[in-house]
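**Q** Before I ask anything, here is the structure I am working with.
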Amino acid sequence: MATPPQASPGYSRTITPQMDSLSSKPDQSAMSPAPPTISSGAPRFPPPISQQDQIPSPSIKLPTMLSPANGVKTGSSVPHMSTPPGPPVFASPVRPAAVPFRTSPATPQPVAFSSASALPTSSPPYFSNGSVELQQQLPSAIEEPVPDGKSPCVLFSAHKVLKHKKQANVPSLGFGVLVSPGRDTSPGPQVIQRDPHRCHDCGAYSNLYSNILIGSGQWQCVICGNLNGSEGEYIALSKEELRNFPELSSPLVDFIQTGNKRPSFVPVTDSRTSAPVVLVIDECLDEQHLQYLQSSLHAFVDSLPPTTRIGIILYGRAVSVYDFSEESIASAEVIPGGASPTQEALKALIYGTGISLSPMHASKEVAHLIFSSLRPYKLNVPEASRDRCLGTAVEVALAIIQGPSADFSRGVVKRPGVNSRIIVCAGGPNTYGPGSVPHSYTHPNYPHKEKTAIKWMEHLGREAHQQNTVIDILCAGTCPVRVPVLQPLAKASGGAFVLHDDFGEAFGMNLQRASARVAGSHGLLEIRCSDDILVTQVVGPGEEAHIENHETFKNDLSLCIQMLSVEETQCFSISMENRHDIKSDFVFFQFAIQYSNVYQADITRVITIRLPTVDSVPEYLQSVEDEVAAVLIAKRTLLGAKSHSDAIDMRTTIDERVKDIALKFGSQVPKSKLRRFPKEISLLPEFLFHLRRGPLLGNIVGHEDERSVLRNLFLNASFDLSLRMVAPRCLMHREGGTFEELPAYDLVMQSDTAVVLDHGTDVFIWLGAELAADEGRSAAAVAACKTLAEELTELRFPAPRILAFKEGSSQARYFVSRLIPAHKDPPYEQEARFPQLRTLTTEQRTKLKSSFIHFDDPSICEWIRSLKVVPPEPI
């Protein structure tokens, strides 16, 4: 392996494909929402526990775990929350990454398009849960150092919490957490095959921070302070003996529910691959689009495991359900598409002699035959005006997945053990039958019909969700698909909505990755935290769950969120505030995710985090994670960008946010009224500058439908993909096949180099003109760049476009528009970001300057100064 060149101090990093993963920070994933505390009478605390009877919380160990990526279960009482609509969620395959390094601190996993619901919580009445009193009454349960706030599934914006409410509750910076309920971790959590011990008062789970009376086995809840029994299980001769209990030694554990609930439980090892996948295909395509689609479909069926059951449905003016019992010809049952299918039609289809769902090992050749038999649209009708009964086709797909229902078979309803999946391949809008809209926007009644269609589609999506069926909609081509109408169908079912330029490579990759996404069912996220902390908003792929647990836990004040599906790449963004000034030295957060996994086992994942509190603002700022804080701010901001005009307003809010952070946390510049942005979070302005001018809020993506889909995807995206969508990652090719990571400024455009820019949903390969002139070197560089791009995005869903172009070409603007312009900055500021420039000769500097495509956009320093704020160092 070639020796990597020396990385530039402080800013760059050298990466070699196929090496061990490199990341600037530990691998963590975005995760869960925090619980709003709810008022109720303050519980009476037990007498202080003597020091000798306590069990100190042991140091954290993370043993082997059960791979989650799914989830569901019951929950507890809930505070009131408003739930604005949000995007459907995408997930990447759960198989381990073949690439050692990550596209961000961790391998980005798409999240796919997701419609995140924002769940702002109302302020519940004051409730003392004893977090303060507990600290005063009892000696600390932690005698040995335990890492605080460390879990691969939970990312806090800061590792410390400010004690003073006025300082902590500055909305411009904010405090929050990203929770990824189904994220796979390595090493994984310990798996416990018994029921957890829960607080009888508030429902919280015993954990490594709980005070234990080793003589009686009683444990004290860190959330409400109640003393609970353990049925003698925690009785021990010594503190060390209790460390054998995984929940008392690890912040993250998975409980497998056994006993009364599922006495005859047997893991179904192949349930993940046997769940049906039904393709619902648009048959109104022109020849060129159809050829690409056929290639993608052939590759798709070749990629499926042999036990996967598949169904194929075509839709146009009618719905054609293909029969796998015919081995030599493509045969289909045809159902009219102008209205929802009748019970008689569905009964004839389900009880007929044909086979609508068949395992791949028995039907692969028939599937290939069906795809080869597809023919292009023949009538002379514009694409947007062709009749497509997409709604009826999805209804039929749901019916064949469910099979004989209560209406058909004496009340016996089939309930699939894992989520089934419908994948819609659409080339145009739904213009015929239920949920349709008129062909033209000029129709006099279009607004009303669109509103009616949106409601119908959302209802159909909820119906699919109730049947444990996820609907992914993959659109391609140049015909507008009316995103506002189709997106609610995918969102309400917990599925993904993706736009493509055509039915080619990226579409085919997403088709394969959509079917491989692991989805759990019946997911419920419970959030509990110390009484000092209030949850103010939750953004993510779920909705408020109204569950009454008062009979079991009389003071259960957890915030409960029903997850539409449970997938590895989902993420909840939770904003929090101080309820009042904090007097204790620590605050506690507990996230419980209940779900049914792909093997049909009921899992409860419990994550408990403790964060220290501080009085010092500089100490707090030092603990802030710039990347996590930027993603939280971006998700809160994007929630308000529902249209192009809203997006423009959101750019202004980012400007005001930077000014307010400098005012509240920055330092006064000597002999000036200006304030300097705090140096402890010097990277934050760079992330926000990328956000305001990038595809999420800027104008570099052409159509509003595309921007809307990107924003919906972002709201539910994992931390890794979210970070890449906000701020691109820039990797420069070096001799020997290595790559040096550099900041995404236009100073990277050096004519003798090749650069890879990973922007989440797009990856660009830029080839300098001088390098392009050397055929041998350029071919090697392009090959290395393409290999890197494929490795970086191997598990990402949706799969990004990968575009390659040369310096000076028209397509190069895709690349340049996503870089921060720095060529107009003074040389000393350029060299602060790129120490490599100090070694360039005057001739090389002139050549570099001539390669810039000049836009009117200000540089980041000019932008910050225009806000009357002094940039931090090193900006």
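**Q** Excluding Lys868 itself, calculate the net charge of residues whose Cβ lies under 11 Å from the Cβ of Lys868, where each Lys or Arg counts +1 and each Asp or Glu counts -1.
**A** +3
**Q** Let me ask something additional. Could the peptides 723-733, 699-709, 282-292 be put in order, highest first, of the mean number of other beta-carbon atoms found within 10 Å of their residues? Working shown, then result.
**A** On the way: 723-733: 24.9, 699-709: 16.2, 282-292: 19.5.
Packing order, densest peptide first, comes out as 723-733, 282-292, 699-709.
**Q** Separation between the Asn244 and Glu619 pseudo-spin-labels, each 7 Å from Cα along Cα→Cβ, expressed in nm?
**A** Distance between the two pseudo-spin positions: 3.9 nm.
**Q** Shifting gears a bit: May I ask you to derive the relative contact order of region 633-870, considering only C-alpha pairs under 8 Å and at least 6 residues apart, and to give it as an integer percent?
**A** 18
**Q** What FRET efficiency would be calculated for the residue pair Lys449, Asp286, taking the C-beta separation as r and a Förster radius of 41 Å, to the nearest 0.05?
**A** That pair, Lys449 with Asp286, gives E of 0.95.
**Q** Cβ neighbours within 10 Å, averaged per peptide: list 592-603, 557-568 in order, most packed at the top.
**A** My ranking of the peptides, most packed first, is 557-568, 592-603.
**Q** Per-residue accessible area for Ile313 at 1.4 Å probe radius, Å² rounded to 10?
**A** The accessible area of Ile313 comes to roughly 0 Å².
**Q** Could you go through region 575-582 in sequence order and give the Karplus-derived ³J(HN,Hα) for each residue, using 6.51 cos²θ - 1.76 cosθ + 1.60 with θ = phi - 60°, rounded to whole Hz, and x for Gly and Pro?
**A** 9, 9, 9, 6, 6, 6, 4, 9
**Q** Quick one: check the C-alpha center-to-center distance for region 201-227 versus region 478-492, whole angstrom.
**A** Region 201-227 and region 478-492 have Cα centres separated by 49 Å.
**Q** So, R0 is 45 Å and r is the distance between the beta-carbons of Asp585 and Lys642; what FRET efficiency does that work out to, to 0.05?
**A** 0.60
**Q** Quick check: from the Cα gyration tensor, does region 430-502 come out rounded (a/c under 1.5), prolate or oblate?
**A** Oblate is the answer for region 430-502, as a/c is 1.5 or above yet b/c matches or exceeds a/b.
**Q** What value does region 633-870 have for Rg/Rh, both radii from Cα atoms and Rh as Kirkwood defines it?
**A** Details: Rg = 18.5 Å, Rh = 18.9 Å.
Result: Rg/Rh = 0.98.
**Q** Take the Cβ-Cβ distance between Thr442 and Leu379 as r, set R0 to 22 Å, and report the resulting FRET efficiency rounded to the nearest 0.05. Working shown, then result.
**A** Numbers: r = 22 Å, r/R0 = 0.98.
For Thr442 and Leu379, the calculated efficiency is 0.55.
**Q** OK, next. Lys and Arg at +1, Asp and Glu at -1: add these up for the other residues within a Cβ distance under 15 Å of Glu365 and post the number. Intermediate values should be presented prior to the final figure.
**A** Numbers: positive: Lys364; negative: Asp302, Asp323, Glu326, Glu327.
The answer is -3.
**Q** From the C-alpha coordinates alone, can you work out the Kirkwood hydrodynamic radius of region 520-630, in Å?
**A** 15.9
**Q** I want to check the label-to-label distance for Thr787 and Asp501. Put each point 7 Å from Cα in the C-beta direction and report it in nm to one decimal.
**A** With each label placed 7 Å out from Cα toward Cβ, I get 2.5 nm.
**Q** With all protein chains present, how much of the accessible area of region 437-478 (probe radius 1.4 Å) comes from carbon and sulfur, to the nearest whole percent?
**A** In region 437-478, the share of accessible area belonging to carbon and sulfur is 55 percent.
**Q** Taking the simple approach of a point 7 Å from Cα along Cα-to-Cβ for both Glu775 and Thr307, what is their distance in nm?
**A** 5.2
**Q** On to the next question. Using the Karplus equation 6.51 cos²θ - 1.76 cosθ + 1.60 (θ = phi - 60°), what ³J(HN,Hα) coupling, rounded to whole Hz, does each residue of region 216-231 give in order, writing x for Gly and Pro?
**A** Per-residue couplings from phi come out as 9, x, 7, 10, 9, 5, 7, 8, 10, x, 5, 8, 10, x, 10, 6 Hz.
**Q** Whole number in Å², please: accessible area per residue of region 589-728, 1.4 Å probe, ligands, DNA and RNA not counted.
**A** Value for region 589-728: 31 Å² per residue.
**Q** Report, to the nearest whole %, how much of the accessible area of region 633-870 belongs to carbon and sulfur atoms, 1.4 Å probe, protein only.
**A** 52
**Q** State which entries of Lys455/Lys491; Lys166/Lys583; Lys664/Lys868; Lys378/Lys449 exceed 18 angstrom in Cα-Cα distance in the structure shown.
**A** Beyond 18 Å: Lys378/Lys449.
**Q** Round to a whole angstrom and tell me the spacing of the C-alpha centers of region 501-566 and region 282-316.
**A** 31
**Q** How much net charge surrounds Ala299 when only the other residues with a Cβ under 14 Å from the Cβ of Ala299 are counted, with Lys and Arg +1 and Asp and Glu -1?
**A** Its environment carries a net charge of 0.
**Q** Ok, one more. Find the centroid of the Cα atoms in region 594-670 and in region 671-686, then give the distance between the two in whole Å.
**A** 18
The values are calculated or read from the model by the stated rules, or taken from the named source; none is laboratory data. Computed from a predicted model, the values in this text were never measured in an experiment. Ideal geometry is used to build each Cβ from the backbone, glycine not excepted, and the neighbour counts take in all protein chains shown. In case anyone asks, the SASA skips ligands and DNA or RNA and just uses the protein heavy atoms, side chains included. Shrake-Rupley method; radii C 1.70, N 1.55, O 1.52, S 1.80 Å.
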